[in-house]
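Read through the structure below, which is laid out as structure tokens, and then see the notes.
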Amino acid sequence: MIPNEDASSRKKEIEEKLKQEEEMLTFIKESLDKSDQLTNNMVSILSSFESRLMKLENSIIPVHKQTETLQRLQENVDRTLSCLDHVISYYHVATETEKVIKDGPSGRLEEYLSCIAKIQKAVEYFQDNNPDSPELNRVKSLFERGKESLDAEFRNLLQRHSKPVPPILILDLIGTDEEIEGQEEGVLEHLPEGILQDIIRISQWLVEYGRNQDFMNVYCQIRSSQLDRSIKGLKEHFRKNSSSSGVPYSPAVQNKRKDTPTKKPAKRPGTIRKAQNLLKQYSQHGLDGKKGGSGLSALEGLEQESRSRYHGDAVGDKHGTNLGKEDVLDLEIDTYIYCISAFVRLAQSEYQLLLDIIPEHHQKKTFDSLIQETLDNLILEGENIVLAAKKANSRHDFTSVLSIFPILRHLKLTKPEFDKVLQGTAASTKNKLPNLITSIETTGAKALEDFADSIKNDPDKENSMSKDGTVHELTSNAILFLQQLLEFQETAGAMLASQETSSAASNYSSEFSRRLLSTYICKVLGNLQLKLLSKSKMYEDLALGAIFLHNNYNYILKSLEKSELMQLVSVTQKDPDSLYREHIEQQIQIYQRSWLKVIDYVNDRNMPPLQGAKLKDKERQMIKERFKGFNEGLEEICKIQKSWAIPDKKQRERIRQSQKKIVQEAYGAFLHKYGTGVNFTKNPDKYIKYSVEHVGEMIERLFDTSA
């Protein structure tokens, strides 16, 4: 029973599953039928929508095309109207702009340039489209008139606002001594900023549209004139202030104005006034107040030449009561040196101004023309200085070389800046300063050599020799001249080196120049020594000749020791001080021989031996003659040598004491032996006139006219 029940339940389960599957299939079939129905409905809807769209498109497209055609027609009409308006506007340009062009660009430059631009476009239009139109001539006429007005405005603005740079600003600009730390270098404002921008704008238009270069010539003429006036104003500033304040430095230095740079101007390196004052001093007085015989005619020639050549008689007339001749020459040199520096600074400033106004490819040429007149004037002044120095040199006025040294040194110091400023200018312009430097070097070197030769060839005249044997003016002038070279060692050495033709000179160094200068100084001193020896022979008294040489040698030695001359001489000569000391000692020994005749009277030589208290008549007579000869010789030599001069106090005292010792010792011994110890006369006061102390006092008064 059990197996049958299982089979029956299994059968039932199978039947239930089959029934469920049939139900599922029925459901699926029904769902598919519904889906097909929905699909058919959707297809029907889409077909209907497509049909409607096609109908709509067929209706809209013709309308759209028609609209596009209408829009195109409208645009063509608008464009045609705009072109007509544009063309018509060209016919109105002349009327609209005529008043502005007639009134000119002053005060309304941008508006004026805008009108010119309209006129230019009208000209171009009529030339291209209607060249026979009377309107073309009208706008052309307006354009030319406008261009002429711009040319005139360029000139007027430049003339009206271009002013010479005040001398005070120039001095502040070139001042370099004691520069305030962190202070910016002074910048010149040649034109107000607004005016400068107008000038730049006009120049740009003239270059681009005016096709006219005349304005560059106008610019060159006006700015060149202002540059020249600035330099002349500086010269006038020096002249006006020279009588009251010496060298006219900038008042801005003293007042420290806020609107002016406070640099001190560069001090001129020259010491002309110092040299001339020293020459005058030593020409009037020796080392110890003794009179000399030198005049200053050597300086007068150059100063008169400089004054008359550079500035006519105005300087001399105006300042004749206030300035000496030395001051006038010094002023001329100061002025020239300052003007050289001023030219460099002003030219640099002019070039910076020119860069914004003149087209690039015309800048160098315009600048070259702009500076030409002022540069030529400065070079001409330099050439006049050279000419004056040559004339003075031909008159053997060798002190004129002193005026060349500070100028030459300054030109050489300034040359790098000169070269930088003149970059791009013509070769003839660039070579002007080097040619002037070469000319000055040649003239200076010849003057130096002629000076050395003049010492060697100085005439031996009796009236030029002092009666007291003091320092000769040839010596004092020669030493003072050499001392001035110390302040220009490099310049003097370079002068001499410039005349050398050796390979070493082509690339000379400062050491080479120093050796040349040392050789030159040794040559001058050698010539001086030979000439002094020659002059000393003009004294009939050998002792006075020795004093003369002693004084001159001592003066030379002391002068060398008190300056750098000794170091310079030592470069090419070994122990020059020892050499001069030896010469001095030799002359002292020669001088001391003048006393031998006096001392011989009180010498034991050839005296008879004393044998007892009673002397023979011959012995008494010999002693009397010795004392008498000594007295007369002492009196005579003291009388003569009292008027001689030894300006050096130490040397004078040394020679006195040395001679005093020699004479007192000899006289004292003779007096002790024959004066007090021997009864050779009944009237001893007649022969023993002087005590030993009295003899010493007499020698103490040697070389002193006041004693």
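The values are calculated or read from the model by the stated rules, or taken from the named source; none is laboratory data. These figures come from a predicted structure and were not determined experimentally. Glycine also receives a Cβ, built like all others from the backbone with ideal geometry; neighbour counts cover every protein chain displayed. In case anyone asks, the SASA skips ligands and DNA or RNA and just uses the protein heavy atoms, side chains included. Shrake-Rupley method; radii C 1.70, N 1.55, O 1.52, S 1.80 Å.
Observations, loosely collected:
- Pairs with Cβ under 9 Å, 6+ apart, first in the range 147-159 and surrounded by fewer than 17 Cβ atoms within 10 Å (Cβ to Cβ), second among the acidic types (Asp, Glu): none
- On inspection, ILE407 fails the criterion of being open to solvent by 10 Å² or more (accessible area, probe 1.4 Å) and either modelled with pLDDT of 95 or more or closer than 16 Å to ASP334 by Cα (or both).
- Residue match in the range 531-540 (condition: farther than 30 Å from LEU496 by Cα, within 48 Å of the chain's Cα centre (by Cα) and surrounded by fewer than 20 Cβ atoms within 10 Å (Cβ to Cβ)): no
- Output for the range 474-490, where each listed residue is at pLDDT 90 or above and either among the β-branched types (Val, Ile, Thr) or closer than 14 Å to CYS522 by Cα (or both): THR475, ALA478, ILE479, PHE481, LEU482, GLN483
- Considering residues of the range 688-704 that are touching a residue at least 40 places away in the same chain (Cβ under 8 Å) and either touching a Ser or Thr at 6+ places or on another chain (Cβ under 6 Å) or of a type in the set (A, V, I, L, M, F, W, C) (or both) only, the residue surrounded by the fewest Cβ atoms within 10 Å (Cβ to Cβ): ILE688
- Annotation note: of LEU380, LEU387, LEU370, the sole residue that is at pLDDT 90 or above, crowded, with 19+ Cβ neighbours inside 10 Å and out of contact with any strand residue (DSSP E or B) (no Cβ under 6 Å at 6 or more places or on another chain) is LEU370.
- Residues located in the range 452-489, provided they are assigned to a helix (DSSP H, G or I), touching a residue at least 12 places away in the same chain (Cβ under 8 Å) and open to solvent by 20 Å² or more (accessible area, probe 1.4 Å): ASP453, SER454, LYS456, GLU462, SER464, GLU473, LEU474, ASN477, GLN483, LEU486, GLU487, GLN489
- Residue match in the range 553-563 (condition: farther than 22 Å from PRO647 by Cβ and open to solvent by 40 Å² or more (accessible area, probe 1.4 Å)): no
- Criterion: basic (Lys, Arg), within 30 Å of TYR690 (Cβ to Cβ) and surrounded by fewer than 17 Cβ atoms within 10 Å (Cβ to Cβ) - qualifying residue of ARG593, ARG581: ARG593
- Flag if PHE680 is within 17 Å of GLY469 (Cβ to Cβ), part of a loop (DSSP other than H, G, I, E, B) and of a type outside the set (S, T, N, Q): no
- Long-range neighbours under 9 Å by Cβ, at least six apart or interchain, first residue free of Cβ contacts under 8 Å to residues at least 60 places away in the same chain within the range 200-220, second exposed (fewer than 15 other Cβ atoms within 10 Å of the Cβ) and of a type in the set (D, E, K, R): LEU206/ASP214
- Flag if ASN683 is more than 22 Å from ASN551 (Cα to Cα), open to solvent by 30 Å² or more (accessible area, probe 1.4 Å), free of Cβ contacts under 8 Å to residues at least 24 places away in the same chain and of a type outside the set (Asp, Glu): yes
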